[in-house]
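The values are calculated or read from the model by the stated rules, or taken from the named source; none is laboratory data. Quantities reported herein were computed from a predicted structural model and do not represent experimental measurements. All Cβ positions, even for glycine, are placed from backbone atoms using ideal geometry, and neighbour counts span all protein chains on display.
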Amino acid sequence: MDGPRPSSAADLTGDAILRARPDEPATGWRRALLRATGGLVNPGPSAEELRRRDILHRIRHPLLQSHRIAVTSIKGGVGKTTVATLLGLVMAENRGDRVIVLDANPDAGTLADRLTGESAVTVRELLRDLDRIHSWTEVSRYTSLAGRLQVLASEQDPAAGDAFSREEYEHICGLLDRFFNIIITDSGTGLVHSAMEGTLKLADSVIIVGSPTVDGAGRASKTLDWLLAHGHGQLAADAVAVLSCDRTSDEVDRARIREHFTARCRAVVEIPHDPHLAAGGRVELARLRPATRDAAHVLAALMADRFVP
């Protein structure tokens, strides 16, 4: 007859020997009550706190290979760079791996201005020295830093920026793939320039940016039409639509716009009007209104849902 299984060190795991503790609230009156009663009264975390925990858990989804996110729109002035900025900051702040945002706008993009204010070294210099870069230290000489987020600025001379081609974008991504886990591309306005072809070819996920206005929503929908017509049906179906609400009107049926994109995309996120973003200066998450920060975190969680562990 078999005897009891011999014990081993593997049996002494934390889960096995630690007594289960009730979930404790981290903020608000629930936390205050817990501390005031010395832990005797524990109301537990609120539904809102549990929701925020779930969002952070999703943002931190493990990722073993690089994932490329393209932020795009057929129309300018709808907040595309702002969306790329918010996504990059939230991802970098809440993950332990390396995140970079790349400004692929051929018309002197403003991504670096919104994040670090540094654009003396750009993607053009990185392309020039591509064959001589073999380490993380060497790559970091061509980027600037916003917190933990690496930023690669676009060429600031519009005439020179026209030379940023599909092939060059692919070479850049080939290098970044070696050193970064998440690559967010702030694409140029429009969908027909050469760099955009490379962006869509290599993208694992797409964010379509629009606004709750007649022209902003219409152009975002036409962006989806263009993707479908040019062989990017899977990207379109799995896209996340972001409605930047800096421009809005009571005459527009925002619920109808949201329903339209909900039917066409995987998810819809609205970025509320925020004075800090509207100023057009450097973006800091701590200076955003709570609703804006929450929307940015929801967007990051949605994108991380598609990470392959």
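Note on segment 107-121: among residues that are surrounded by fewer than 24 Cβ atoms within 10 Å (Cβ to Cβ) and of a type outside the set (Gly, Ala, Ser), the one that is nearest to His171 (Cα to Cα) is Val121. Is it the case that some residue within segment 286-295 is without any contact (Cβ under 8 Å) to a residue 40 or more places away in the chain, touching a Pro at 6+ places or on another chain (Cβ under 8 Å), farther than 18 Å from Ile184 by Cβ and of a type in the set (Gly, Ala, Ser)? For segment 286-295, residues without any contact (Cβ under 8 Å) to a residue 40 or more places away in the chain, touching a Pro at 6+ places or on another chain (Cβ under 8 Å), farther than 18 Å from Ile184 by Cβ and of a type in the set (Gly, Ala, Ser): present. Against the list (1) assigned to a loop (DSSP other than H, G, I, E, B); (2) at pLDDT 90 or above, the condition Thr248 fails is (2).
Tell me, which helices (runs of 4 or more DSSP H) wholly within segment 41-119 include 2 or more residues that are more than 28 Å from Arg141 (Cα to Cα) and among the aliphatic types (A, V, I, L, M)?
Details: elements: 47-59, 80-94, 111-115.
Where helices (runs of 4 or more DSSP H) fall fully within segment 41-119 and carry at least 2 residues being more than 28 Å from Arg141 (Cα to Cα) and among the aliphatic types (A, V, I, L, M), they are 47-59.
Looking across segment 269-292, the residues that are more than 23 Å from Glu259 (Cα to Cα) and either not in a loop (DSSP other than H, G, I, E, B) or not assigned by TED's automatic domain parsing to the domain that holds Glu259 (or both) come down to Pro275, His276, Leu277, Ala278, Leu285, Ala286, Arg287, Pro290. Given the criteria of a type in the set (Lys, Arg), at pLDDT 95 or above, over 13 Å from the mean Cα position of the chain (by Cα) and more than 23 Å from Arg68 (Cβ to Cβ), does Arg287 qualify? Criteria met by Arg287.
The rows are residues; the columns are (1) without any contact (Cβ under 8 Å) to a residue 60 or more places away in the chain; (2) closer than 23 Å to Ser244 by Cα; (3) surrounded by 24 or more Cβ atoms within 10 Å (Cβ to Cβ); (4) of a type in the set (Asp, Glu).
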residue	(1), (2), (3), (4)
Gly39	yes, no, no, no
Asn42	yes, no, no, no
Ile59	no, yes, no, no
Leu64	no, no, no, no
Arg68	no, yes, no, no
Val83	no, yes, yes, no
Arg95	no, no, no, no
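For Ile207, are the conditions met, namely being more than 23 Å from Ile257 (Cα to Cα), surrounded by 18 or more Cβ atoms within 10 Å (Cβ to Cβ) and modelled with pLDDT of 90 or more? Judged against the criteria, Ile207 is not a match.
Of Ala263, Ala236, Ala220, Ala241, all but one fail to be farther than 23 Å from Leu86 by Cβ and either of a type in the set (A, V, I, L, M, F, W, C) or outside any helix (DSSP H, G or I) (or both); the exception is Ala263. Looking only at residues in segment 234-252 that are loosely packed, with under 12 Cβ neighbours inside 10 Å and over 20 Å from the mean Cα position of the chain (by Cα), the one that is nearest to Ala279 (Cα to Cα) is Ser249.
Conditions (1) buried (at least 17 other Cβ atoms within 10 Å of the Cβ); (2) out of contact with any helix residue (DSSP H, G or I) (no Cβ under 8 Å at 6 or more places or on another chain); (3) on the phi > 0 side of the Ramachandran plot, marked per residue:
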residue: Asp215; (1), (2), (3): no, yes, no
residue: His232; (1), (2), (3): yes, no, no
residue: Ala263; (1), (2), (3): no, yes, no
residue: Pro275; (1), (2), (3): no, yes, no
residue: Arg282; (1), (2), (3): no, no, no
residue: Thr292; (1), (2), (3): yes, no, no
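Against the condition part of a strand (DSSP E or B) and either outside the structural domain of Ala92 (by TED's automatic domain parsing) or modelled with pLDDT of 90 or more (or both), how does Leu152 come out, does it pass? So Leu152 passes the test.
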